[in-house]
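S.K.: Just dropping this structure here.
The values are calculated or read from the model by the stated rules, or taken from the named source; none is laboratory data. Here the structure is a predicted model, which means the values were calculated and not measured. Cβ placement follows ideal geometry from the backbone for every residue including glycine, while neighbour counts extend to all protein chains displayed. Accessible surface areas use protein heavy atoms only, side chains included; no ligands, DNA or RNA. Shrake-Rupley method; radii C 1.70, N 1.55, O 1.52, S 1.80 Å.
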Amino acid sequence: MVPLRPRGASDPVAAKIQDIRLAIERQSSKTALEKAKDLYKELPSDETKSVLIDAYLARIEAMRAKDLTAEAKALTDLVVSRFPEAADRLGHMQRDLAAKTGDVASLVAPLADPDLPLEKRQAAEQAIRHGLTDVQALATCPALPPDHPLRTAAAAIARAFADVTTGAVDDAAVSLPEVSHRSPLADWKHLIRAIQCLYRGRDDDCRRFLAALDPESAPAKAASVVRAILAESPSEELTHAGRNLVQRVLGSRGELRTALRTLDEAFSRGRSRELYRQIRQAVLACERVYPQILKRLKQHIAVKAAVADCPPEAVLDAMGGPSVHDAYFYRLFARAIEGVQDSLHACVLWDRFRTAAIAEGLFAAEGPENAFLYLHMAELLRRVPPDHLAEWQEDYLEDMDSGDEFDDGAYESSPLADLASRSDRRPDPYFLFPERLYERAAALRSDANLYREWLDYARIADRPEIKPDDVAQKWAAAFPQDGRPLLYLAESAEQRNAFDKALKYIQQAEALGGVDPKIRRARFRLLVAKTVRHLQQAKPNLAAKDFVQIDQLPQAAEKDRPAYVMSLRWISAMLENNRAEADRLHGQIRDLLGGPVAAATLLLSTVRACAYSASETNDLEKWLSAYKEKDIVIAIVRTCPIGVDVDVEILLPAKWESLLTKWFKHSDCQLDVQGLLTMVQAALITGWLEVAYYCSGYGLRRGGPEQARFLFLRGRSLPRSLYVRRQECFDAAAELARRVRDMDLVAEIADAGRAELGPWGWSSPLAPDLGDLGMDDETLRRVAEFERKTQKYPKESRIPFFGAGRARGEMGGYGTSRRRRARPVPDEGYLFDDLFDEDEEGLGQEHGGRPSEPRAIPPDLAALFTEIIRLSGGKLPTSPEEIERLARKHPELREKLEEVMRHMPETGPDDLDEFDSDEEPWDMEDEPPTRPFFPRRRRGRRKRR
Amino acid sequence: MSAGSTKKEQDPWSVLGVSPEADDEQIRAAYVRQVKEHPPDRSGPEFERIRDAYEQLKDPYQRAKYLILGAPADKPLESLLDSVPCPRRFVGPEAWLTVMKSERKESQR
């Protein structure tokens, strides 16, 4: 051995060593090894030996990387045998390669030594855990004694694995007590149990055992296959062997599942040739694999195709024949048609479902299922505005007469078509008329709420043949202990000025249990209304008799009712020319209501209600020109609740709006919570949205139990174009109301939400149902916090989304309903209306100039439109409902929409802060008349316009 | 071939073990039977499932509502397979070992 030479400035050995190391770094392992061998041969030393071993190590790594496992192992063994001192450095590689090449003996041999150091023992066990796949070889490996625990465990595992993959086994067969949880073979136990659960159909347990596997262990390599079997779908990540195994275990089920999934994706992309091809493939696959579900599959395909508006012939051709139209089909179709908001045809289909279900024996003709169906259909029809419903009914009846009914795609005969063709009579179109549906439901189900809904419908239906009084009578007959129909009948009689009859109904209601506050209030209100009638007729003597009856009512002394009664007495005194009495009463009213402005407001409203006209009222009107903040606020807070209580209009001067807006913008005017609530409600009804906004903000900042209501009112005070923010307020309010079990408020919010959307509100996918309203904690906190803190009144958005820019829910004209699929006729330029101002720019060419450029769409809005068009498959949505459907399918789109809406540049009217304190007091003669507050609620039939 | 798995949705009839045509008496009897097998103190979550199922079915009107509106209208087509038993075939240990060895080779690439 040549001793180490001291390094010189030009040491050739050092240079060669450097060269070899560079080659290793450059991954030229073969070159490095050749050079290292030559160097060691030429100058054997410790240093050159070390370099040689490094070169071997690099070469072995390179072979492993190229999957030359056997060659790498052979080289490793050679190096270790030639250079035993390299065993430490190459030990892990030797073990690893032994496992991979199945050289179990080499792998486990060290474990036979009971004195093996712990570190090496652990390294060997680790290699077994991660690398060993041939447990049978381990079970028979001669390198270990036959009774070695590892051999015993491996034998048990091999047995159990063979059993569990060959047939059903009991739990005892896979208990494997020989395998401890610390054993390097412990993961095999989990795999065996996972496979046992797989074949037993206990999928959740199977997943649990798979999750317990060490991801680096050898058995974990089978986990992806097991998961693919559970999902019944071979994953693209599996090897060829893995896919084969999945196929062998599942048969062709995975193939069918894939075909169905692909077909669903094709449906979501819309009509295309590809769709029909996928239908054909899915049907063929189903026929081959599971013919027993082919009937259902065709029914589902037929319905999806109908909803997608595919031509029936193309679908029939793709399916290779029609679907069966039984109860299952009609129910499926009806539900799908409901999903596209086609209430009328959904009802037609529900009727067909009912007929088919009874024919098939699913339920009896008079069973409770029918009652549910009738009510469900009535609910669907109620979502259609009455005018449109009447039009649809007419159209459908004409179609029935001409034989051109709604076509459910039955090109071949179906059981129902046969039935219909045998009948000479026109089928009863009861399903088109909510009142007939309610009648049928009431005959089958004894439920007072059903009558309540029926009466509610009758009242808004506005059709001469539908008599709400008749419904109320039926309700009272069916539920004699229920006072509600009697109250309605009393109100109805009052509307006709049949006060005595109304009082008789009240008497009957009182006989049931006179402590009901609604009944008590009704009697008082009725007597007051009778008094007003007599005063309108200028009959103070009759009014005097009414006053006697009113005075006998204990409820007449409640709240501020005495003030109102006094105002009626004032009118009576004026009619009798008893000025002194009138002045005395005026003074008492002033004292009761806390100020002259409040008194004047109440008196003038009563004057209007009683149709009293006299010059004396001019003195009252002068009081209304006062603009002391405190007096006006008191006037509103005291008189408006009276108006609600006795159902009379309270007149508020229009000028007060700007005053109140200015005041409430900066102060809450020291109102308490109830006062703020009254102010907000009064402002909303009068249309003073900013006032309502500011007051609701104060209410929110006060905290307390009325938060839900303030949030709801805040939502209603926002401009309609800020649809998203309004809906968030409604949702948050509903969530808070639900938490305190105020379900009346929840219902009120749901009604308001529907009314937001105009005449089609009930049918819109945006229309909230009671069960849908709500919000998670985080969002609720965010919304409440935002509304609490945001004080500035927002301005209208220019972007006409979701009904923005349309007054009071009008969404444009609809024209004639379509027969097959009744949807509103889209307003063609809807989305871009407000981006073009033709008055300013459309005349450019007439004057010889270039036509003006349209205003640029903000970039983030343009990007949003592009995204919407892309997600819609290249079409621009033409209604908010389509956008909502898109947003439901793509949650990220909803987030982007809301983000853009929140930051849209808002333009609109200038700040209303225009009141000048030096301005002259408002003069009644110059200004328009007052705006009524709380217009009298009309009950009974609405007048046709 | 194994008994296979049936991925049936847990409709209230299945939970109680009755057919959709069962009447009030049969439903109640099934409920009592199930509760005896899964009392609340021993099988809390299971008992709650049974109780919820009974609440849905005991009123004929609610039963009708579930029967008619229970299934969602737009469920995917592949859910049709949920009602069909899925037989999983035994293929012996070799196929599984081949997979593990081939997975091993795949992971080396």
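S.K.: Tell me which of these B:GLU94 doesn't satisfy, since it passes every other one: (1) open to solvent by 80 Å² or more (accessible area, probe 1.4 Å); (2) closer than 30 Å to A:VAL303 by Cβ; (3) of a type outside the set (Lys, Arg).
M.R.: (2)
S.K.: Separate question: Which condition breaks for A:ARG159 when tested against (1) assigned to a loop (DSSP other than H, G, I, E, B); (2) at pLDDT 90 or above?
M.R.: (1)
S.K.: Right, next: Given the criterion modelled with pLDDT under 90, buried (at least 20 other Cβ atoms within 10 Å of the Cβ) and within 13 Å of chain B (Cβ to nearest Cβ), identify the matching residue among A:LEU380, A:LEU362, A:LEU375, A:LEU389.
M.R.: When all the criteria are applied, what remains is A:LEU362.
S.K.: Would you please name the residue that is most open to solvent (accessible area, probe 1.4 Å), looking only at residues in the stretch A:316-338 that are of a type outside the set (A, V, I, L, M, F, W, C) and over 14 Å from A:HIS376 (Cβ atoms)?
M.R.: Checking each candidate, the answer is A:ASP317.
S.K.: Which fully enclosed helices (runs of 4 or more DSSP H) of the stretch A:32-135 have 3 or more residues being basic (Lys, Arg)?
M.R.: Correct list: A:46-65, A:87-100, A:118-131.
S.K.: Next question. Filter the stretch A:191-215 down to residues that are within 27 Å of A:ALA99 (Cα to Cα) and either open to solvent by less than 10 Å² (accessible area, probe 1.4 Å) or out of contact with any Asp or Glu (no Cβ under 9 Å at 6 or more places or on another chain) (or both), then give me how many there are.
M.R.: Number of matching residues: 8.
S.K.: Can you find, within the stretch A:236-246, the residue that is nearest to A:ASP134 (Cα to Cα) among those that are out of contact with any helix residue (DSSP H, G or I) (no Cβ under 7 Å at 6 or more places or on another chain) and more than 9 Å from every other protein chain (Cβ to nearest Cβ)?
M.R.: A:ARG243
S.K.: Another question, then. What do you reckon, is A:ALA356 farther than 14 Å from B:LEU69 by Cα and of a type outside the set (Asp, Glu)?
M.R.: yes
S.K.: Can I ask one more? If you check A:HIS92 against the conditions, is it more than 14 Å from chain B (Cβ to nearest Cβ) and surrounded by fewer than 23 Cβ atoms within 10 Å (Cβ to Cβ)?
M.R.: yes
S.K.: Now a separate question. Among the residues of the stretch B:79-97, is there at least one that is facing chain A (nearest Cβ under 9 Å), in a helix (DSSP H, G or I) and modelled with pLDDT under 85?
M.R.: yes
S.K.: Looking at this structure, is A:LEU713 in contact with a Gly (Cβ under 9 Å, 6 or more places away or on another chain), in a helix (DSSP H, G or I) and either under 14 Å from A:THR790 (Cα atoms) or touching a residue at least 24 places away in the same chain (Cβ under 8 Å) (or both)?
M.R.: Against the criterion (in contact with a Gly (Cβ under 9 Å, 6 or more places away or on another chain), in a helix (DSSP H, G or I) and either under 14 Å from A:THR790 (Cα atoms) or touching a residue at least 24 places away in the same chain (Cβ under 8 Å) (or both)), A:LEU713 qualifies.
S.K.: Can you report the number of residues in the stretch A:342-359 which are away from chain B (no Cβ under 13 Å), buried (at least 23 other Cβ atoms within 10 Å of the Cβ) and over 29 Å from A:HIS388 (Cα atoms)?
M.R.: Selection size over the stretch A:342-359: 0.
S.K.: Counting only residues that are open to solvent by 30 Å² or more (accessible area, probe 1.4 Å), part of a helix (DSSP H, G or I) and modelled with pLDDT of 80 or more, how many does the stretch B:67-77 have?
M.R.: Looking only at that region, the number is 1.
S.K.: So which residues in the stretch A:743-774 are open to solvent by 40 Å² or more (accessible area, probe 1.4 Å), touching a Pro at 6+ places or on another chain (Cβ under 9 Å) and modelled with pLDDT of 65 or more?
M.R.: Within the stretch A:743-774, no residue meets the criteria.
S.K.: In the stretch B:48-66, how many residues are part of a helix (DSSP H, G or I), facing another protein chain (nearest Cβ under 10 Å) and not hydroxyl-bearing (Ser, Thr, Tyr)?
M.R.: The number of residues fulfilling the criteria is 5.
S.K.: Anything in the stretch A:236-248 that is open to solvent by 40 Å² or more (accessible area, probe 1.4 Å) and part of a helix (DSSP H, G or I)? List them, or say none. Can you show your working first?
M.R.: Here is the first cut: in the stretch A:236-248, the ones open to solvent by 40 Å² or more (accessible area, probe 1.4 Å) are A:236-237, A:240, A:243-244, A:247-248.
Result: A:HIS240, A:ARG243, A:ASN244, A:GLN247, A:ARG248.
S.K.: Based on this model, can you work out whether A:ARG129 counts as under 51 Å from the mean Cα position of the chain (by Cα), open to solvent by 80 Å² or more (accessible area, probe 1.4 Å) and of a type in the set (D, E, K, R)?
M.R.: no
S.K.: Moving on to the next point. Quick check on B:PRO45: is it within 14 Å of chain A (Cβ to nearest Cβ), under 18 Å from the mean Cα position of the chain (by Cα) and within 30 Å of A:VAL283 (Cα to Cα)?
M.R.: Taking the combined requirement at face value, the residue does not satisfy it.
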